[in-house]
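No lab work stands behind these numbers, since they all come straight from the coordinates. Given the structure is predicted, the values throughout are model-derived calculations rather than measurements. A quick note on method: Cβ atoms are made from the backbone with ideal geometry, for glycine too, and the neighbour counts reach across all protein chains shown.
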Amino acid sequence: MPKEKVIVICGPTASGKTSLSIALAKKINGEIVSADSMQIYQEMNIGTAKPTADEMQGIPHYMIDCISPEQRFSVADYKKLAKESIKKIIEKGRIPIVVGGTGLYIDSLIYEIEYPNIEFDEEYRKLLERKVQEEGLETLYQEAKKIDEQAVQKISHNDQKRILRILEIYHATGKTKTQQEKESRRKEAEYDYHVYALHWDRDILYDRINKRVDMMIQQGLVQEVQTILNKYSQFPTAMQGLGYKEVVEYLEEKCTKEEMIEKIKQETRRYAKRQLTWFRKNKQTIWLEGSQNTEDNIQVILEDINWKNNQIK
């Protein structure tokens, strides 16, 4: 029996994934499953570029606003909930469209990666966080690099959340994150995933990123962060995310507003570069030109999935 088709739209930040996916969903009776590691958090709307109700245009979205900013959320958690969302969409007779830029989330689905249920060691996490405060994050980055250089190459020097995760996995299991992922790719994918990624000329993409950051500041990103910090007694896990940690530094008077804005732009450009590297290694990906008309890109997708008579064959 043929597998159900699932469409995946990925690519770097600010590449136009949201608008393309919504236009496609309207055309094929689709519903959207987010694959964004920041849009899962409630209350974090501006800095995550979360689509507004108007932007969604009535298209149901899953895996957005799932948890509070203080909660931990693993790739295994994502995979479980995303698979449930995909199943629900198919049972409704609609087409699932997975959309986002978090490579780990997307790979967990298309490669059916099984993540072991690693018990979280609260004391070890506190020890690592104390090290960050006393010695700086770079020390832990170098520790993680010695343990699992392959995993470290995919993340930023400033990505505290993922640096700590590499160390935690090794501490809990004695295996590297890379080793675990290789061992876990043993199951055949449940669905027939068709993967598309948006490509832009680098200078144009970087300009889009810079303009998006300026817009986030205008929309009230600083106030959004301040509100979240005021609400929670403990420093929320999600505040380590790109765009948020830089605002926290500004609020702690560690940099000027101008320095904060420039740092967000710089780190976002670096993140986009890493995303492109990540998605290029997925050999099944079909690349779409971001500068091309949306309808033309939709046509490429429809032809690839054999869309005929309003059904996917």
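So the values come out like this:
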| read-out | value |
| --- | --- |
| Leu127-Glu91 pseudo-label distance in nm [points 7 Å out on the Cα-to-Cβ vector] | 4.4 nm |
| Packing-based exposure ordering (other Cβ within 10 Å, fewest first) of Ser74, Ser21, Ser34, Ser291 | Ser291, Ser74, Ser21, Ser34 |
| Lys5 long-range amide H proximity, modeled H, under 5 Å | Asp192 |
| The chain: most fluctuating residue of Thr18, Thr178, Thr102 per GNM, C-alpha cutoff 10 Å | Thr178 |
| Choice from Glu289, Glu114, Glu188 with maximal GNM fluctuation in the chain (Cα, 10 Å cutoff) | Glu188 |
| Per principal axis, descending, Cα span of the range 213-313 in whole Å | 57, 26, 26 |
| Beta bridges per DSSP with both ends in the chain, % antiparallel, nearest 5 | 10 percent |
| Sites Glu135 and Lys211 - FRET efficiency at Förster radius 30 Å, r taken between beta-carbons, to 0.05 | 0.25 |
| Kirkwood hydrodynamic radius (C-alpha pairs) into Stokes-Einstein, the chain, 25 °C and 0.890 mPa s, D in µm²/s | 120 µm²/s |
| Principal semi-axes in Å for the range 36-129 [√(5λ), Cα gyration tensor, largest first] | 26, 19, 11 |
| FRET efficiency, 1/(1 + (r/R0)^6) with R0 45 Å, evaluated for Lys80 and Thr227 via beta carbons | 0.90 |
| Kirkwood Rh, Cα atoms: Rg over Rh of the range 79-168 | 1.10 |
| Residue among Tyr124, Gly11, Ala189 farthest towards the positive dipole end of the chain, charges placed on Cβ | Ala189 |
| Rough spin-label spacing in nm, given labels placed 7 Å along Cα→Cβ, for Asn29 and Trp287 | 3.5 nm |
| Square roots of five times the Cα gyration tensor eigenvalues for the range 122-182, Å | 18, 14, 8 |
| Computed FRET value (nearest 0.05) for Glu258 with Asp203, which takes r as the C-beta separation and R₀ as 22 Å | 0.50 |
| Fluctuation leader among Tyr124, Tyr271, Tyr111 - the chain, Gaussian network, Cα springs under 10 angstrom | Tyr124 |
| Calculated P(r) of the range 108-210 - Cα pairs past 15 Å, % | 70 percent |
| Amide H within-cut-off set for Gly243, under 5 Å, with H built and near neighbours excluded | none |
| Subset of Lys80/Lys263; Lys17/Lys211; Lys50/Lys177; Lys3/Lys161 violating a 25 Å alpha-carbon distance limit | Lys80/Lys263; Lys50/Lys177; Lys3/Lys161 |
